[in-house]
1. Give the residues of region 131-146 that are surrounded by 13 or more Cβ atoms within 10 Å (Cβ to Cβ) and within 14 Å of residue 69 (Cβ to Cβ), sorted by residue number.
2. What number of residues within region 51-99 satisfy the criterion of being more than 19 Å from residue 122 (Cβ to Cβ), surrounded by 17 or more Cβ atoms within 10 Å (Cβ to Cβ), in contact with a helix residue (DSSP H, G or I) (Cβ under 9 Å, 6 or more places away or on another chain) and touching a residue at least 60 places away in the same chain (Cβ under 8 Å)?
3. With the checklist (1) within 22 Å of residue 33 (Cβ to Cβ); (2) exposed (fewer than 12 other Cβ atoms within 10 Å of the Cβ) in hand, flag the one item residue 128 doesn't pass.
4. Determine, yes or no, whether residue 48 is modelled with pLDDT of 95 or more, in a strand (DSSP E or B) and touching a helix residue (DSSP H, G or I) at 6+ places or on another chain (Cβ under 7 Å).
5. Condition first: out of contact with any helix residue (DSSP H, G or I) (no Cβ under 8 Å at 6 or more places or on another chain) and surrounded by 17 or more Cβ atoms within 10 Å (Cβ to Cβ). Now tell me which residues in region 100-119 satisfy that.
6. Under the condition of being part of a loop (DSSP other than H, G, I, E, B) and either over 17 Å from the mean Cα position of the chain (by Cα) or in contact (Cβ under 8 Å) with a residue 12 or more places away in the chain (or both), which residue from region 7-25 is surrounded by the most Cβ atoms within 10 Å (Cβ to Cβ)?
7. Could you please give the count of residues in region 26-45 that are modelled with pLDDT under 90, touching a strand residue (DSSP E or B) at 6+ places or on another chain (Cβ under 7 Å) and either closer than 19 Å to residue 80 by Cα or exposed (fewer than 11 other Cβ atoms within 10 Å of the Cβ) (or both)?
8. Any residue at all in region 76-83 that's assigned to a strand (DSSP E or B), closer than 21 Å to residue 116 by Cα and modelled with pLDDT of 95 or more?
């Protein structure tokens, strides 16, 4: 059996997300998933990236995404696109809305990342793979009121 390439896997996840009111199976089964709409900072091309998020327990209109790239030595392109743009659009559940983008740093970043790793232990492995190479960025996405 052939394993789908990342673009096919993303396309399948996006289709499943939209067909099931924001729920997906496979590697994301049972986890909170958001579809992040962003533009290539160089190409200007519109892109959609499915990813796991963690809600901010203190602010219902804010949540966090993690530029883990499964522990690769470089940050994912979507991270660079978000930081450059400062805003994006998300599909979360059955809603689509605009968000502001801010990178979380220092102790707050560490606290949030550690909580994500507690909830989903594979994030510990991502941090181990990147130790001494890069710190995995944490990005806060906050809903922009209509």
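The values are calculated or read from the model by the stated rules, or taken from the named source; none is laboratory data. All of these numbers come straight from a predicted model, not from anything done at the bench. Every residue, glycine among them, receives a Cβ derived from its backbone with ideal geometry; neighbour counts consider all protein chains shown.
1. 134, 135, 136, 137, 138, 139
2. Of the residues in region 51-99, 1 are more than 19 Å from residue 122 (Cβ to Cβ), surrounded by 17 or more Cβ atoms within 10 Å (Cβ to Cβ), in contact with a helix residue (DSSP H, G or I) (Cβ under 9 Å, 6 or more places away or on another chain) and touching a residue at least 60 places away in the same chain (Cβ under 8 Å).
3. All conditions pass for residue 128, except number (1).
4. yes
5. If the condition is that a residue be out of contact with any helix residue (DSSP H, G or I) (no Cβ under 8 Å at 6 or more places or on another chain) and surrounded by 17 or more Cβ atoms within 10 Å (Cβ to Cβ), then 109, 112 are the ones that fit.
6. Top of the filtered list is 24.
7. The total comes to 0.
8. Checked against the condition, which is being assigned to a strand (DSSP E or B), closer than 21 Å to residue 116 by Cα and modelled with pLDDT of 95 or more, region 76-83 yields no hits at all.
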